[in-house]
Amino acid sequence: MARSVLQPREDREVFVVPLEVLPEHIDANGHVNNVVYVGWLQDAGTAHWNARFSEEDRNRWSWVALRHEIDYLRGIEPGAQGVVARTWVGAPQGPRFSRYVRIEDAQGRVCAQGVSEWCLVDAQTLRPQRIPPFMLAVFDTVAASA
């Protein structure tokens, strides 16, 4: 069953993270191992958070991944250059929201895509916290282009 390619909401910023394909990422089948993609999903979300929020915010709140779902569409070969992750957030649901990630090769072909469910927590207590409106506004396209 073919999966449709994930498309960002028009009101969300798409954040791009360059990815490096290292020799240790390559499995016995000669392409990037599936476990590496899980790490890339998490790395993309973390990079987006770190780039858009202050140290004070990052010290006050943290994110806990609750679930990752990945579709593997095309292998990435050893030594591949120009691989990127494109990520954006979905609609909030209390303390949770979905983060979408597309892994693309240098030709812009989607090699893998994923959805992760994240929960915002107080960094000290690790108790879930409702996502504040200011936080979602940071991920909007309007805020990102300002």
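Over the C-alpha atoms of region 1-77, the Rg to Rh ratio, Rh being the Kirkwood estimate, stands at 1.01. Could you give the angle, 0 to 90 degrees to the nearest 10, between helix 34-52's Cα long axis and the longest principal axis of the Cα atoms of the chain? Here the helix axis deviates by roughly 40 degrees. For region 90-146, the carbon plus sulfur part of the accessible surface works out to 52%, probe radius 1.4 Å. Mean sequence separation of contacting Cα pairs (under 8 Å, at least six apart), scaled by the length of region 1-78, corresponds to a relative contact order of 42 percent. Solvent-accessible surface of the chain, taken per residue with a 1.4 Å probe and all protein chains present: 56 Å². Each of Q81 and V121 was given a label point 7 Å from its Cα along the Cα-to-Cβ line. The distance between the two points is 4.1 nm. Across the chain, the relative contact order, built from alpha-carbon pairs under 8 Å that are at least six residues apart, equals 29 percent.
The percentage of C-alpha pairs in the chain whose separation is greater than 25 Å is 30%.
Length gained on full extension, F53 to V16, computed as 0.36 nm times the residue gap minus the Cα-Cα distance: 11.7 nm.
In order along region 90-97, the Karplus-derived 3J(HN,Hα) couplings, from 6.51 cos²θ - 1.76 cosθ + 1.60 at θ = phi - 60°, round to x, 7, x, 9, x, x, 10, 8 Hz, and Gly and Pro are given as x. The sum of -39500 (n - 2.57) across all DSSP H runs of n ≥ 4, divided by the residue count of the chain, sets its helix-only mean residue ellipticity at 222 nm to -7000 deg cm²/dmol. Between A91, A28, A80, the residue with the greatest mean-square fluctuation in the GNM of the chain (Cα pairs under 10 Å linked by springs) is A28. When the Gaussian network model of the chain links Cα atoms closer than 10 Å, the mean-square fluctuations of T46, T125, T87 top out at T125.
When the chain is treated as a Gaussian network with alpha carbon springs shorter than 10 Å, the biggest mean-square fluctuation among E69, E13, E24 belongs to E24.
The values are calculated or read from the model by the stated rules, or taken from the named source; none is laboratory data. Predicted, not measured: the structure shown is a model, and the values here were computed from it. We place every Cβ from the backbone using ideal geometry, glycine too, and count neighbours over all the protein chains shown. Quick note on the areas: whole protein, heavy atoms, side chains included, nothing else; ligands and nucleic acids left out. Shrake-Rupley method; radii C 1.70, N 1.55, O 1.52, S 1.80 Å.
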